[in-house]
Protein chains: 2
Amino acid sequence: MNVRTLCLAILSFGESTGYEIKKQSVEGKFSYFVDASFGSIYPALARLEADGFVTSRQEIQPGKPPRKIYEITEAGRTALVEELSEPPGRDVFRSEFLLIAMCAKNLPQHVVTEAIESRIRSIEEEVGQLRHIVEELDDEAAIWTAQYGVTCKAQALENLKKTRGDLEKLAGSRLSNTTTNAAE
Amino acid sequence: MNVRTLCLAILSFGESTGYEIKKQSVEGKFSYFVDASFGSIYPALARLEADGFVTSRQEIQPGKPPRKIYEITEAGRTALVEELSEPPGRDVFRSEFLLIAMCAKNLPQHVVTEAIESRIRSIEEEVGQLRHIVEELDDEAAIWTAQYGVTCKAQALENLKKTRGDLEKLAGSRLSNTTTNAAE
DNA sequence: TAGGCCATGTAACCGGTTACATGATTAG
DNA sequence: CTAATCATGTAACCGGTTACATGGCCTA
């Protein structure tokens, strides 16, 4: 799933700007399963316009930089449906935390404990944010998606809280006798 | 989490080859939360050797290409611990399926249904594979990690099965009157 | 007055993927 | 006879990130 399709999808919910699209994908209703930076969004938007999938108009606002508002075209909607119709690529999950968990035996307990706690904090934060987003949503499909995210994340959090003790017990058990004078 | 650290982590469980590291990260015990291709593994291994974090020896096997077996050094173990000790980057989750779910209203029902079913099939497959991996494992930390993956994935699967009906009801409800003659 | 927010955009860089090259053996 | 498995490695390419440029307004 490339930024191009993401922009099209976000614009299918209503007109928006590059700046807002970034917010949507980083802290908004899409944040749970996508991510994008300005460096990829602005060029994608420009290309979409060149391809006739979106149109733009400038809005001058006093005391603020002008906004470039993009709107999806009929051709854009068709292209979006086509892109989403072909079999989706598999979900991607990458976790540095689980790599730490995997190597727990070779790591000092405090490293493992801190990793667990930071993971718990960040899931809690994400769940809280997502719950807040759900309340603000009106589109039922968006609500379904965010709700699914909340449920899965909340369960993952519970699993972690329930079993963290087992992992912490293992921490450091195969620690080599290297004293903690980390060479730079 | 880069391929470099991944290789180091895998080698901390015992000596291995580039070929095997790929298998581990694609269908083995690390497959749940990492991924890597030959094009990134081989150069990473070469760099690790140049840095003195691993050593290699050649094993000639009759009727098969020779294998280059890598072994982690003490310096490599130290480097691994150091890298895993600094605060982990947040988990990454990317889902094309959820983008489809999000846009359900604009998509034909069969597209949504097929996406759900392919998602169900692939989670089932992953859970089955991961369960199988758990049985073969001996390292308790690796078991904890895989078990955590199985639990989370199985719950995500159940959530999807339970609520898919709600999403399917929404499918196509805001479908524009474009007939299904997709222009190439 | 420092930093953050609004807002758009470009350019350098980089990690990683895809595809290719090579080649024997084994399974269907 | 074809395809897959074993096995290592390189090179081209590409999508995306980071950092920079610009600048007014508002808040602490």
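The values are calculated or read from the model by the stated rules, or taken from the named source; none is laboratory data. Computed from a prediction, not measured in an experiment: that's the story for all the values here. Glycine also receives a Cβ, built like all others from the backbone with ideal geometry; neighbour counts cover every protein chain displayed. Side chains included, ligands, DNA and RNA excluded: accessible areas come from the protein's heavy atoms. Shrake-Rupley method; radii C 1.70, N 1.55, O 1.52, S 1.80 Å.
General remarks:
- Residue satisfying all of: in region B:1-20; out of contact with any Leu (no Cβ under 7 Å at 6 or more places or on another chain) and away from DNA strand C (no atom under 12 Å from the Cβ); nearest to A:Asn106 (Cα to Cα) among these: B:Phe13
- From A:Thr17, A:Thr78, A:Thr55, residue being among the hydroxyl-bearing types (Ser, Thr, Tyr) and free of Cβ contacts under 8 Å to residues at least 12 places away in the same chain: A:Thr78
- The condition (being within 21 Å of B:Lys162 (Cα to Cα) and modelled with pLDDT of 95 or more) is satisfied by just one residue among A:Glu114, A:Glu140: A:Glu140.
- The set of residues in region A:127-149 being part of a helix (DSSP H, G or I), open to solvent by less than 40 Å² (accessible area, probe 1.4 Å) and not small (Gly, Ala, Ser) consists of A:Val127, A:Leu130, A:Ile133, A:Val134, A:Trp144, A:Thr145, A:Tyr148.
- Positions within region A:53-77 being among the hydrophobic types (A, V, I, L, M, F, W, C) and surrounded by 13 or more Cβ atoms within 10 Å (Cβ to Cβ), in sequence order: A:Phe53, A:Val54, A:Ile69, A:Ile72, A:Ala75
- Of note, B:Ala156 does not satisfy the criterion of being at the interface with chain A (Cβ under 10 Å from one of its Cβ atoms) and over 12 Å from A:Asp91 (Cβ atoms).
- Any hit, region A:45-52, residues being over 15 Å from the mean Cα position of the chain (by Cα) and surrounded by 20 or more Cβ atoms within 10 Å (Cβ to Cβ): yes
- With respect to (1) surrounded by 16 or more Cβ atoms within 10 Å (Cβ to Cβ); (2) among the polar types (S, T, N, Q); (3) free of Cβ contacts under 8 Å to residues at least 12 places away in the same chain, the lone exception for B:Asn106 is condition (3).
- Residues within region A:109-119 that are facing chain B (nearest Cβ under 7 Å) and surrounded by fewer than 23 Cβ atoms within 10 Å (Cβ to Cβ), tallied: 2
- Considering residues of region A:1-20 that are assigned to a helix (DSSP H, G or I) and more than 12 Å from DNA strand D (Cβ to nearest atom) only, the residue farthest from the other protein chains (Cβ to nearest Cβ): A:Glu20
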